[in-house]
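Peer 1: Have a look at this one.
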Amino acid sequence: MDGLDETNREAGGPDQGERLTTQSSGPAPDPSVREGFFRNLPVLETPRLILRPLTLDDVDDVYAYASDPEVARYTTWEAHRSLEDSRTFVEAMVQAYRDDRNAPWAMVLRETGRVIGTVDFVAWAPQHARAELGYAMGRAYWGRGLMTEAVCTLIDYGFRRMGLNRIEARCIPENRASARVMEKAGMRYEGLLREVMYSKGRFVDLRLYAILRRDWEATNAR
């Protein structure tokens, strides 16, 4: 959430004589990097995946994984009940690209050419050089390191090309598979956000993970 400035003014922060502690310095964030990004979403490649915008031809593939209750178990969205649910979702994402709103990369498995999931920056605050990752993938492809491969690629792109300083991700505590993806991608556990979200009829806790540019630079310098 981006409520820091308002909170400080109203609750007595730096404007009342206190100063924020600066942990690291670097170029000031450039909000203009956000302009046109999703309208021209770049195609990214990994050894086993092609990450590209969704198209209307992907509806069947999306339904194949999004209709699985196990895939949707820990997500904020319900499992798709029909092909029309998937069509509605894909159409909305195609429109989001056109409108330059946040929208995902389709994860295409090279060996089959099929879409097996999505990965995206579900939130992006360019004025703070901060973004949050989200992802989902078909159950048939779990346990093969494919999601870690995709997430590492987005983290790399975020720091190299998007000017990010911090990349976050969150998961429900029971979702250990998602937590392992974050850990393998070099993200650090920062704490439990208690009942921070209302989802599927209940308030849920979320585990917060993050990686900073300097963490990523230290790892990639080895």
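Peer 1: For segment 180-203, which positions are of a type outside the set (Lys, Arg) and under 15 Å from Gly145 (Cβ atoms)? Can you show your working first?
Peer 2: Filtering segment 180-203 for residues of a type outside the set (Lys, Arg) gives 181-183, 185-187, 189-193, 195-199, 201, 203.
Answer for segment 180-203, where residues must be of a type outside the set (Lys, Arg) and under 15 Å from Gly145 (Cβ atoms): Val181, Met182, Glu183, Ala185, Gly186.
Peer 1: Let me ask another. From the residues in segment 29-72 that are assigned to a loop (DSSP other than H, G, I, E, B) and free of Cβ contacts under 8 Å to residues at least 12 places away in the same chain, which one is nearest to His128 (Cα to Cα)?
Peer 2: Taking segment 29-72 first, the residues assigned to a loop (DSSP other than H, G, I, E, B) are 29-30, 35-43, 46-48, 54-55, 67-68.
Subset that is free of Cβ contacts under 8 Å to residues at least 12 places away in the same chain: 40, 43.
Working: Asn40: 22, Val43: 25 Å.
Checked segment 29-72; the qualifying residue nearest to His128 (Cα to Cα) is Asn40.
Peer 1: Based on what the data block shows, is Thr76 touching a strand residue (DSSP E or B) at 6+ places or on another chain (Cβ under 7 Å), at pLDDT below 95 and either within 27 Å of Arg166 (Cα to Cα) or surrounded by 13 or more Cβ atoms within 10 Å (Cβ to Cβ) (or both)?
Peer 2: In short, yes.
Peer 1: Assuming Ala210 fulfils every condition listed in (1) out of contact with any helix residue (DSSP H, G or I) (no Cβ under 6 Å at 6 or more places or on another chain); (2) open to solvent by 10 Å² or more (accessible area, probe 1.4 Å); (3) among the hydrophobic types (A, V, I, L, M, F, W, C) apart from one, which condition is it?
Peer 2: (2)
Peer 1: Can you confirm whether segment 136-157 contains a residue that is part of a strand (DSSP E or B) and farther than 24 Å from Ala64 by Cβ?
Peer 2: Applying the first criterion (part of a strand (DSSP E or B)) to segment 136-157 yields 136-137.
After this cut, where a residue has to be farther than 24 Å from Ala64 by Cβ as well, the list is none.
Among the residues of segment 136-157, not one is part of a strand (DSSP E or B) and farther than 24 Å from Ala64 by Cβ, which makes the answer no.
Peer 1: Read through the list (1) open to solvent by 60 Å² or more (accessible area, probe 1.4 Å); (2) basic (Lys, Arg); (3) more than 18 Å from Ile50 (Cβ to Cβ), then give the number of the only condition that Arg110 fails.
Peer 2: (3)
Peer 1: Exactly one of these conditions fails for Gln127: (1) in a helix (DSSP H, G or I); (2) within 22 Å of Leu164 (Cβ to Cβ); (3) without any contact (Cβ under 8 Å) to a residue 60 or more places away in the chain. Give me its number.
Peer 2: All conditions pass for Gln127, except number (3).
Peer 1: Moving on to the next point. Just checking, which of Ala92, Ala103, Ala28 is buried (at least 16 other Cβ atoms within 10 Å of the Cβ) and either under 24 Å from Cys171 (Cβ atoms) or not aromatic (Phe, Trp, Tyr) (or both)?
Peer 2: Numbers: Ala92 fails: buried (at least 16 other Cβ atoms within 10 Å of the Cβ); Ala28 fails: buried (at least 16 other Cβ atoms within 10 Å of the Cβ).
Exactly one of Ala92, Ala103, Ala28 is buried (at least 16 other Cβ atoms within 10 Å of the Cβ) and either under 24 Å from Cys171 (Cβ atoms) or not aromatic (Phe, Trp, Tyr) (or both), namely Ala103.
Peer 1: I've got another one for you. Run down Tyr141, Tyr157 and say which single residue is of a type in the set (Ser, Thr, Tyr), at pLDDT 95 or above and more than 16 Å from the chain's Cα centre (by Cα).
Peer 2: Result: Tyr141 is the single residue among Tyr141, Tyr157 that is of a type in the set (Ser, Thr, Tyr), at pLDDT 95 or above and more than 16 Å from the chain's Cα centre (by Cα).
Peer 1: Going through segment 165-205 one residue at a time, which ones are among the hydroxyl-bearing types (Ser, Thr, Tyr) and in a strand (DSSP E or B)?
Peer 2: Passing the criteria: Tyr189, Tyr198, Ser199.
The values are calculated or read from the model by the stated rules, or taken from the named source; none is laboratory data. What you see is a predicted model, and the numbers here were worked out from it, not measured in a lab. Quick reminder, even Gly has a Cβ in these numbers, built from the backbone with ideal geometry, and neighbours come from all protein chains shown. Remember, those area values only see protein heavy atoms, side chains included, never the ligands or the DNA or RNA. Shrake-Rupley method; radii C 1.70, N 1.55, O 1.52, S 1.80 Å.
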